[in-house]
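Written out below as structure tokens is the structure these notes cover.
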Amino acid sequence: MSTAGKLTKNFGALSIIQVANFLIPFLVLPVITRVIGKDNFGLFNFLTAVITYFVILINYGFDYTATRTIARNKDNETVVNEVFSGVFFARLWLLLVSTVLFIVLLFTMPQMRDEAFVSILCFVTCIANVFMPNWLFQGMEQLQKAAIWNVVIKLVCFTAMVIFIREKRDYWVYALFSSLSQLLAGVALFIYAFRRFHIRLLWVPLKKVLQLLHNDRAVFISTLMINLYTNSNIVILGLMKSKSEVGVFAASAKIVSITQMVMLMPLSQTLFPHIGRSFAIARENGVTEVKKIFPLVTTLALGISIALFMGAPVLPLFFGEEFEQSIPVLRIMAIAPFIVSISNLLGTQVLLNLKMDKAFLLMSIAGSVICVGLNMLFTPVWSYYGTALAWVLTEVLITTGMAMIIYRQGLRLLDKQYWNVNWLLAAVGKLKR
């Protein structure tokens with residue numbers, strides 16, 4: 001199969017996975033939000049945002065580092081087994097650490113202590129991430145089966161969710177089936193990976209696990225910092241304001257996240273191993289590939305941003321009349337997909353594939369500091385409007401910083417020969433084939 005054909009199949013498979021992970025849950029939200037209300041929707045999103053920190057710790061950036069290694073050694077059975085085993089045992093140890101930290105929060109954070117049962121249900125997603133091997137299928141560029149498993153399990157769980165949520169106090173059912181869908185998908189794909197790739201799980205002693213964590217620490221801290229400035233928006237808002245205000249922001253953020261995850265993230269994850277191999281051959285090869293895809297990705301993202309801005313008034317029709325205040329919040333954040341698409345190209349596709357992990361880390365840390373600072377300034381005064389503004393300004397500053405780093409490396413990623421309608425049409429046609 002041609003490279004373009006493989007990319008198209010993997011992009012399609014990753015799109016299906018993102019549909020299962022985000023779009024299917026999103027489609028049941030009109031039913032859920034109308035039943036559980038804005039307050040409980042805000043509570044669930046606050047708890048999920050807190051649990052996300054533990055998910056980040058357990059994933060430890062392996063979605064990038066392990067994928068990169070597998071993509072370059074997918075025909076080497078020994079390396080595949082070693083990487084798979086290393087990631088699995090590392091995540092088990094990180095789950096143990098996360099559990100201890102979670103218990104501490106459960107007794108010390110009022111928002112979690114008052115909703116202990118729902119908090120525990122949300123924490124189940126951490127267990128799911130220990131088993132979830134999407135990174136392996138991504139590195140092998142064989143995501144079709146993984147996509148099917150994801151869709152089937154998510155459909156079953158979220159259909160059950162709609163059936164069993166009948167009144168406002170049933171918001172715990174929302175947390176239960178959200179986590180259960182992740183757990184079932186993770187375990188099913190974990191078992192399937194053994195059969196599909198003839199995996200042999202090897203014992204990895206703690207010393208080797210610690211060495212693996214040490215080697216990948218830069219990418220982990222980078223992903224932690226990235227999620228710190230995206231995830232902390234809701235956490236800070238939830239600590240400073242009411243559950244209702246979190247619900248208003250969460251509805252708009254959910255729309256933006258869904259569009260990015262379903263439309264842009266699959267393209268990014270599909271391109272990462274492909275561009276990684278190009279950079280492995282020669283730096284010039286990788287730069288050329290980035291030049292080619294830059295117009296396609298940013299044009300798609302710009303279209304998404306415009307659609308979000310223009311379509312914002314539809315949001316209350318989707319979530320319910322309680323969410324009327326989410327319209328201007330969504331319009332503030334509508335530019336995010338466009339900015340994030342550029343940031344992803346510069347950071348994930350270029351800096352990480354060139355193994356400029358420290359530069360990537362530097363920008364991520366700077367972004368986190370800026371985001372937390374802006375949130376602390378804006379949120380007390382402007383509530384969810386301030387949170388939205390802090391998010392957008394942080395993305396702009398991070399993208400600008402990455403562009404400056406790459407420019408100083410002597411890399412020029414904009415090539416006018418690819419910035420025309422004919423090239424865009426040709427690129428789309430090539431992917432279709």
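Bear in mind that the values in this text are calculations on the coordinates, not laboratory data. Quick caveat, the model's predicted, so the values are computed rather than measured. Virtual Cβ from ideal backbone geometry, glycine too; neighbours counted across all protein chains shown.
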Treating cross-link reach as a plain straight distance, find the aspartates and glutamates whose alpha-carbon is under 12 Å from the alpha-carbon of Lys243, omitting any fewer than eight places away in the same chain. Asp39
Percent relative contact order for segment 1-215, counting Cα pairs under 8 Å at least six residues apart, stands at 34 percent
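Among His198, His274, which comes first, then next, by fewest other beta-carbon atoms within 10 Å?
Values: His198 10, His274 20.
Ranking His198, His274 by Cβ neighbours within 10 Å, fewest first, gives His198, His274.
Restricting to DSSP H runs of at least four residues, report the calculated mean residue ellipticity at 222 nm for the chain, -39500 (n - 2.57) per run over all residues, nearest 500 deg cm²/dmol. Each step should come with its number before you reach the end.
Details: 19 runs with 353 residues, N = 433.
That calculation yields -27500 deg cm²/dmol at 222 nm.
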Hydrodynamic radius by Kirkwood for segment 1-215, inverse mean 1/r across distinct Cα pairs, in Å, is 18.4 Å
Would you mind working out the magnitude of the charge dipole of segment 100-241 relative to its Cα centre, with +1 at each Lys and Arg C-beta and -1 at each Asp and Glu C-beta, to the nearest 20 Debye? 320 debye
Flagged links, alpha-carbon separation over 32 Å, of Lys74/Lys292; Lys168/Lys254; Lys74/Lys416: Lys74/Lys416
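Anything in the chain that counts as a DSSP H helix reaching 15 Å or more along its axis (C-alpha) with Kyte-Doolittle mean of at least 1.6? List them, would you?
Working: long enough: 3-18 (22 Å, 0.32); 24-59 (33 Å, 1.47); 77-108 (46 Å, 1.76); 116-131 (24 Å, 2.34); 144-164 (31 Å, 1.58); 171-197 (39 Å, 1.12); 217-240 (31 Å, 1.26); 243-259 (24 Å, 0.88); 265-281 (24 Å, 0.52); 283-311 (41 Å, 0.82); 357-408 (38 Å, 1.18); 421-432 (17 Å, 0.90).
Helices passing the filter in the chain: 77-108, 116-131.
Let me check against my output: what whole-number percent is the relative contact order of the chain, with C-alpha pairs under 8 Å and at least 6 apart?
Details: 597 pairs, mean separation 102.5, N = 433.
Here the relative contact order equals 24 percent.
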